[in-house]
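Below you'll find the structure, written out as structure tokens, and then a few comments.
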Ligand SMILES: C[S@@+](CC[C@H](N)C(=O)[O-])C[C@H]1O[C@@H](n2cnc3c(N)ncnc32)[C@H](O)[C@@H]1O
């Protein structure tokens, strides 16, 4: 069990500048997948599977070689609808608690947290191929055994690949905030997604989110607190996984722009 530090808001440097997410948004385009035909189960009423695809996803020669060598064993790209839930024991070659990280970017937090907790298996989900390729190269270089990767939309992964009550943790660090009101429906963390996450967590399992966008932080707090299956974690509560995140480049930029980072952590009842 981990006593969890730092629940709440971390102050950043008081400098006025562009929020980090804005620069990030400028290099991406929105992609909206069709609504899944299934209208029953925890995904019912689901938000359109909106995400981003990078326009600059070409891999370097070395990344390509590593991808071709390791992806068949460590990665999954296709997520058919109505796919049977993943057999994570077979994929990792052992039975261990599983954490899903959605929107891992280039995987800085994924790698560090998986290295800190070798007894926990981590599945990193991302739509951005070059980010996954960077993480895959790090996994190879550092000989990390407890990371697997999925290229796809976190919504589809939760709906089609993850069984109910099977995860010890779900991490969503710095999800794209979609700051314009008319785009709020594209945010990853909202009522239906949080409900789906709650459904996929084991009792005692942890949902850990972090954001540097204050409006999104308030929204996440509201929807998480409104889900009767989740209870807010208080500082010092014992948890089955660590919530100590490394400070990533993304977060450093957030601090430089004067944004505060809010950590939001719940436990499945
Ligand atoms: C702002 S970045 C943060 C990356 C990383 N978590 C970090 O802290 O540095 C958000 C990431 O989420 C990914 N993303 C957005 N929507 C997603 C979705 N529906 N499923 C999977 N990844 C998604 C984006 O491609 C992007 O890499």
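Comparing Cα centroids, region 136-151 and region 183-207 end up 25 angstrom apart. Gain on full extension, evaluated as 0.36 nm per residue between residue 225 and residue 70 minus their Cα-Cα distance, stands at 51.8 nm. Our estimate of slack between residue 252 and residue 142, defined as 0.36 nm per intervening residue step minus the Cα-Cα distance, is 37.3 nm. Once you order the gyration tensor axes a ≥ b ≥ c over the Cα atoms, which shape class does region 115-201 get: rounded for a/c under 1.5, otherwise prolate or oblate by comparing a/b with b/c? Oblate, since a/c reaches 1.5 and b/c is not below a/b. One Cα centroid belongs to region 216-245, the other to region 65-113; the line between them spans 24 Å. Here the label points at residue 94 and residue 269, each 7 Å from Cα along the C-beta direction, are separated by 3.5 nm in the simple model. Length gained on full extension, residue 260 to residue 116, computed as 0.36 nm times the residue gap minus the Cα-Cα distance: 49.3 nm.
Each reported figure results from applying straightforward, stated rules to the coordinates on display, with no laboratory input. This is a predicted model, so every value here is computed, not measured. Virtual Cβ from ideal backbone geometry, glycine too; neighbours counted across all protein chains shown.
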